[in-house]
Each structure stands twice: as C-alpha cells, then as structure tokens.
Amino acid sequence: MDLPPLVIMGVSGTGKTLIGRRLAAELGAAFVDADDLHSQDNKSKMRAGVPLDDEDRWPWLKSVASELTSTPPPIVACSALRRSYRDYLRAQAPATFFVHLTGNREIIVEHLARRSHEFMSPTLVDSQLETLEPLTVEEAHFLAPIDLSPAEVSRYIIERLPHTT
Ligand SMILES: Nc1ncnc2c1ncn2[C@@H]1O[C@H](COP(=O)(O)OP(=O)(O)OP(=O)(O)O)[C@@H](O)[C@H]1O
Ligand SMILES: O=C(O)[C@H](O)[C@@H](O)[C@H](O)[C@H](O)CO
C-alpha cells in the first residue's frame, strides 16, 4: 500500500518510537526517529531536565522535514507538539499525515517509569503536556489511544491509515 509521509506524534512516553518502529516493520516503510536528529546541545538540555524552547527546536525540525520528504515516504516518530511546528513540516512535505498517540498522564508516567532513555528526562512530562497544541481539522490526522497493547495500537492505526492504492 502506498502511504503518505507519516508523523507518529505525541508527548514523550506515549510510544512514538515503539509504535512507529513497529508500524514501519509491518508496512515495509522506512522508520526515522526524530530523537536521533537532535543536536548534542539539545540532548544535554533534556538530560538535565530543561525543556527545549522554539529556538532549540527549529534546526531539529528542519532535519525532521528533510527526512519527511524522502522517497518512498517514511514513518517518522516526532513529538510535533505545536501547531507551528506541524505547519512547517506540512509546508515542506505537504502530504504529511499525523497520527497522534494520546493517553492520560498516568499511563504516560507509567511508560516513562519503566524505560531508560539516552537523554530524555522523565521530569519533562508536564512541560511536554503544557506545550502540546491539539491537532485541528485543517491538519490531516487521527488520534490513536495508547491504553492498548503495542500490537493493538499498531492494528488500530493500520486499519485507519489513508493510502493512495
Ligand atoms: N501501548 C503500550 N503498551 C505498553 N508499553 C508501551 C506502549 N507504548 C509504549 N510503551 C513503552 O513505554 C515506553 C515509552 O515508549 P517510547 O520510548 O516509544 O515513547 P516515545 O513517545 O518515543 O518517548 P520519547 O518521546 O521520550 O522518546 C517504552 O518503554 C515503551 O516500550
Ligand atoms: O519537542 C521536544 O520537546 C523534544 O524534541 C522531545 O519531545 C523529544 O524529541 C522526545 O520526545 C524525547 O525523546
């Protein structure tokens, strides 16, 4: 099936990496983790529990956009928290479709407590939730619940993905 460029988005701990990687394997698409595109300065900041600001995020979003324009279109795990960030990604890769992994704070905190991460501090969850701007009808998207097993989340998404063939 031919897919548009996909952004698996949401706050830290929602499962972007796990679910994005799984979807890519199931759909035969390339997977890009935006975590791998951060500068060392950004990583150090997050490791110290300091939220990134717009200035930190713009160069990173530029790298994310460049990945999104690859052929064939990849599946990209990226927080994409603010509308302005998503508008920029869509301006660069206009067919971009967003899947927003959504769940309550409790589940997210539980996920974060169970994992270890190269640089993301679990203390950043509240700043992530405050920064998040919900998707609007102008953005091609759907929400996917995370209170399911990883296999069920992937299935939920695959059943709803837009495709061109
Ligand atoms: N549906 C799920 N059920 C159970 N565990 C999950 C689920 N989704 C993710 N997890 C687990 O929660 C933790 C966080 O997932 P993951 O690293 O994929 O999140 P993320 O959104 O990429 O986070 P970050 O943005 O901080 O990198 C991992 O340990 C992952 O295995
Ligand atoms: O936008 C941001 O604040 C950051 O980029 C984070 O969201 C990280 O990329 C990621 O979620 C942690 O691994």
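The values are calculated or read from the model by the stated rules, or taken from the named source; none is laboratory data. Please read all numbers here as calculations on a predicted model, not as lab measurements. Every residue, glycine as well, gets a Cβ built from its backbone with ideal geometry; the counts of neighbours run over all protein chains shown.
Observations on the model:
- Checking each residue in segment 126-162 for being touching a Ser or Thr at 6+ places or on another chain (Cβ under 6 Å) and of a type outside the set (S, T, N, Q) picks out L143, I146.
Every residue, every condition in (1) under 20 Å from E118 (Cα atoms); (2) surrounded by fewer than 20 Cβ atoms within 10 Å (Cβ to Cβ); (3) modelled with pLDDT under 95, yes or no:
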{"position": "R47", "(1), (2), (3)": "yes, yes, no"}
{"position": "P51", "(1), (2), (3)": "yes, yes, no"}
{"position": "V64", "(1), (2), (3)": "yes, no, no"}
{"position": "L81", "(1), (2), (3)": "no, no, no"}
{"position": "S84", "(1), (2), (3)": "no, yes, no"}
{"position": "P94", "(1), (2), (3)": "no, yes, no"}
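- Positions within segment 109-150 being out of contact with any helix residue (DSSP H, G or I) (no Cβ under 8 Å at 6 or more places or on another chain), more than 14 Å from ligand 2 (Cβ to nearest atom) and closer than 17 Å to V99 by Cα, in sequence order: P134, V137, E138, A140, H141, L143, S149
- Filtered by the rule that a residue be in contact (Cβ under 8 Å) with a residue 24 or more places away in the chain, β-branched (V, I, T) and outside any helix (DSSP H, G or I), segment 43-84 gives T69, I75, V76.
- Within segment 7-27, tally of residues that are under 18 Å from H117 (Cβ atoms) and not in a helix (DSSP H, G or I): 8
- Across segment 107-165, the qualifying residues are those that are among the small types (G, A, S) and assigned to a helix (DSSP H, G or I), and the one among them that is surrounded by the most Cβ atoms within 10 Å (Cβ to Cβ) is S154.
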